[in-house]
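Contents: one structure, followed by commentary.
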Amino acid sequence: NAGVMQNPRHLVRRRGQEARLRCSPMKGHSHVYWYRQLPEEGLKFMVYLQKENIIDESGMPKERFSAEFPKEGPSILRIQQVVRGDSAAYFCASFLTLPELDETMFYTFGSGTRLTVV
Amino acid sequence: AQKVTQAQTEISVVEKEDVTLDCVYETRDTTYYLFWYKQPPSGELVFLIRRNSFDEQNEISGRYSWNFQKSTSSFNFTITASQVVDSAVYFCALSEYNNNDMRFGAGTRLTVKP
């Protein structure tokens with residue numbers, strides 16, 4: 001039972017290029033979160049997706065950033081025309097809601113993608 | 001709005017010392033979840049514990065223990081007899097039942113010296 005898989009682990013892009021980050025949730029999980037961790041900072045929420053649906057994108061920058069979670073395949077976080085300030089670690093988390101239990105959410109994080117913009 | 005404060009930016013201890021990492025949270029919800037994660041130098045996030053707001057029992061797991069106090073909105077984490085391998089950044093996080101995002105504190109960097 002593989003955990004949350006993120007790839008690539010490291011990504012280097014020149015300013016102005018596009019970055020595509022992939023996240024495959026745990027088997028059976030249909031909810032995905034993306035978080036960004038700037039150097040020496042905590043994690044900041046970006047977006048929450050279900051399959052084929054963006055539920056909450058209140059943490060996403062208004063321009064250049066987009067996310068999707070198609071019916072088949074991984075969730076993709078896409079950053080267009082990257083700038084140096086986009087350099088960060090991007091983490092994906094998936095969770096499973098289990099309404100019959102007291103604790104209804106269990107988050108599992110991937111190992112992250114470290115984006116460096118040069 | 002939910003908020004998590006980890007006032008200690010960095011802590012340095014010598015091996016075998018006990019150390020407590022503080023976490024204070026704010027929320028208007030009566031149902032919420034509190035978490036601690038460890039981020040070692042390799043960068044991944046390691047889940048340590050999840051607590052729901054209705055369970056104020058303290059928890060012990062080996063050298064780790066957690067003290068949840070609703071009266072002071074705190075969820076502190078103690079490592080007993082610290083080891084060099086405990087060196088990492090530790091994050092406290094809060095998730096409200098009716099909210100979509102897990103809110104993280106800024107983290108506490110713990111260095112355990114031999």
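The values are calculated or read from the model by the stated rules, or taken from the named source; none is laboratory data. What you are looking at is a predicted structure, and each value in this text was computed from that prediction instead of being measured. Here Cβ is always computed from backbone atoms with ideal geometry, including for glycine, and neighbour counts include all displayed protein chains. These accessible areas exclude ligands, DNA and RNA; they are computed on the full protein's heavy atoms, side chains included. Shrake-Rupley method; radii C 1.70, N 1.55, O 1.52, S 1.80 Å.
Scan the stretch B:37-52 and tell me whether some residue there is over 23 Å from A:Ser94 (Cβ atoms), out of contact with any helix residue (DSSP H, G or I) (no Cβ under 7 Å at 6 or more places or on another chain) and polar (S, T, N, Q). No: zero hits. Considering only residues in the stretch B:30-48 that are among the hydroxyl-bearing types (Ser, Thr, Tyr) and assigned to a strand (DSSP E or B), the one that is surrounded by the most Cβ atoms within 10 Å (Cβ to Cβ) turns out to be B:Tyr37. Note on the stretch A:1-93: enclosed strands (runs of 3 or more DSSP E) holding 1 or more residues that are within 11 Å of chain B (Cβ to nearest Cβ), crowded, with 22+ Cβ neighbours inside 10 Å and aromatic (Phe, Trp, Tyr) are A:31-37, A:43-50.
Taking the stretch B:37-79 as the range and being in contact with a Ser or Thr (Cβ under 9 Å, 6 or more places away or on another chain), within 9 Å of chain A (Cβ to nearest Cβ) and of a type in the set (Phe, Trp, Tyr) as the test, the residues that pass are B:Phe47, B:Phe54. Those residues that are away from every other protein chain (no Cβ under 13 Å), within 19 Å of B:Gln57 (Cα to Cα) and part of a loop (DSSP other than H, G, I, E, B), I need them from the stretch B:19-28; list them, please. Residue satisfying the conditions is B:Asp22 alone. For the stretch B:49-71, the candidate set comprises residues that are open to solvent by less than 60 Å² (accessible area, probe 1.4 Å) and either small (Gly, Ala, Ser) or touching a His at 6+ places or on another chain (Cβ under 8 Å) (or both); within that set, the residue that is farthest from B:Ala81 (Cα to Cα) is B:Ser53.
For A:Ala19, the conditions (1) among the hydrophobic types (A, V, I, L, M, F, W, C); (2) out of contact with any helix residue (DSSP H, G or I) (no Cβ under 9 Å at 6 or more places or on another chain); (3) at pLDDT 95 or above all hold with the exception of (2). Here A:Tyr107 meets each of (1) crowded, with 20+ Cβ neighbours inside 10 Å; (2) at pLDDT 90 or above; (3) of a type outside the set (A, V, I, L, M, F, W, C) with one exception, condition (2).
Restricting to the stretch B:80-114, name every residue that is more than 14 Å from chain A (Cβ to nearest Cβ) and small (Gly, Ala, Ser). Once the filter is applied, which keeps residues that are more than 14 Å from chain A (Cβ to nearest Cβ) and small (Gly, Ala, Ser), the stretch B:80-114 yields B:Ala81, B:Ser82, B:Ser87.
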